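Each remark here refers to the structure printed beneath this line.
The values are calculated or read from the model by the stated rules, or taken from the named source; none is laboratory data. What you are looking at is a predicted structure, and each value in this text was computed from that prediction instead of being measured. We place every Cβ from the backbone using ideal geometry, glycine too, and count neighbours over all the protein chains shown.
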Amino acid sequence: MTSSREEEASVESGLRAEVIGEAGGMGALADDWLRLQAAAGRDIHFFQTYEWCGAWVNRGMDGRRERPLIVCVRRDDDLVLLWPLMLTRMGPLRIMRWLSDPFAQYGDVLTSLDGAALGAALDVAWRRILATGGVDIVRLRHVRADSTVGNFLAGRCLLADEDGAPWLDLSRFDDEAAYDRRYDRRQRRRRKRIRKRLEKDFGEVAFRFVGPVDVAGVVDRLVAEKRRWLEEKGYYSRPLECPELAGFFRCLPVAATSEEAMEDVPLMVVSELVAGDRAVSWELSFRWRGRHYCYITAHDNDLTPYSPGRLHMDLSQKRALADGVVAFDLLVSNAPHKRS
């Protein structure tokens, strides 16, 4: 329950919070959500976009134990802050998480406000979250140091152990030659050997984007090869084991070309590396506002000794550089192979 004093403060600031708690409410919110993300969304906010969240609610969410809980703060009739959450069940516990966690890699709010106005809106939203009945735990993972909501949450939540998300700043390279100089001699020779061996055994190597017509089949193959790799390694990934994963990806808008991937629209980007007529590795990523989110990589597990994924990553980063991408984001977690 909110106190009368809190209610008065909300009225005085002209702010009010409402909650969208059913999947059917997403459609009515679409225009306001899209306007807010266009005006205020930053490159780190892909997982708060309507394209991602809408696809998740419609296809990825487990309706048996997950339901959306999207907090909207309005000033008069204008949506000025949006906090996308969901209510989940784990045994007897009811846990509030970021919408689409653990599929979403970063959690944050979308807002057009700053300064004191932002603080007031976050207060209104937080009180609404705490007033939501049937919540045992609020668990909000993967909040970036440069997020909008981070400082606010730091003063109200118990902070867990920090993780990291390696990324490559492509803005420091003027061209492909400058990018290549980041490697030492041993690293350059290794990538050349990978290419030569693939071309010797299978044919010419080519890196290419996969367009909307072919993307469904390629995503199915990528997911299957990644699951096989996890099984062989004895690893588990809840997102990768989700039976609706491939269907969820098929609900996302796909970039047909590298030029389209740089438009100001959140898009999925799928690339594959082929040697001759054989696809040998894949990358499923997202792009928005100059950031490339490297989400899933996979390779033909029968060709693991060839290390096609290492060459694919090199070529993907070069393509991103040529396209004008500023940040190549390898996402959570801060695994050693991502920093190599």
Which members of the range 44-91 meet the condition of being closer than 23 Å to Leu15 by Cβ, outside any strand (DSSP E or B) and among the charged types (D, E, K, R)? Asp76, Asp77
Please specify each residue of the range 274-296 satisfying the condition of being closer than 23 Å to Glu225 by Cα and either part of a helix (DSSP H, G or I) or touching a Lys or Arg at 6+ places or on another chain (Cβ under 8 Å) (or both). Val274, Ala279, Trp282, Tyr293, Ile296
Subset tally (residues that are under 20 Å from the mean Cα position of the chain (by Cα) and more than 15 Å from Ser285 (Cβ to Cβ)) for the range 300-313: 0
Residues in the range 203-213: is at least one closer than 19 Å to Ser307 by Cα, at pLDDT 95 or above and aliphatic (A, V, I, L, M)? yes
From the list Tyr183, Tyr179, which one is surrounded by fewer than 18 Cβ atoms within 10 Å (Cβ to Cβ), of a type in the set (Ser, Thr, Tyr) and over 30 Å from Ala38 (Cβ atoms)? Tyr183
Any idea which of Glu199, Glu232 is more than 25 Å from the chain's Cα centre (by Cα) and within 30 Å of Met61 (Cβ to Cβ)? Glu232
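Test Ser316 against the criterion of being within 18 Å of the chain's Cα centre (by Cα), free of Cβ contacts under 8 Å to residues at least 40 places away in the same chain, surrounded by 19 or more Cβ atoms within 10 Å (Cβ to Cβ) and closer than 15 Å to Phe209 by Cβ, and give yes or no. Break it down into steps so the answer makes sense when it comes.
Numbers: within 18 Å of the chain's Cα centre (by Cα): yes; free of Cβ contacts under 8 Å to residues at least 40 places away in the same chain: no; surrounded by 19 or more Cβ atoms within 10 Å (Cβ to Cβ): yes; closer than 15 Å to Phe209 by Cβ: yes.
Answer is no for this residue.
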Got at least one residue in the range 164-177 being touching a Ser or Thr at 6+ places or on another chain (Cβ under 6 Å), of a type outside the set (Phe, Trp, Tyr) and within 21 Å of Asp108 (Cβ to Cβ)? no
If I ask for residues that are in contact with a strand residue (DSSP E or B) (Cβ under 9 Å, 6 or more places away or on another chain), touching a residue at least 60 places away in the same chain (Cβ under 8 Å) and either in a loop (DSSP other than H, G, I, E, B) or not assigned by TED's automatic domain parsing to the domain that holds Pro84 (or both), which ones from the range 117-147 would you list? Thr132, His142
Being more than 22 Å from Ala104 (Cβ to Cβ) and either assigned to a strand (DSSP E or B) or not assigned by TED's automatic domain parsing to the domain that holds Val270 (or both) is true for just one of Arg221, Arg208, Arg195. Which residue is that? Arg208
Of the residues that make up the range 15-27, is at least one of a type in the set (A, V, I, L, M, F, W, C) and under 21 Å from the mean Cα position of the chain (by Cα)? yes
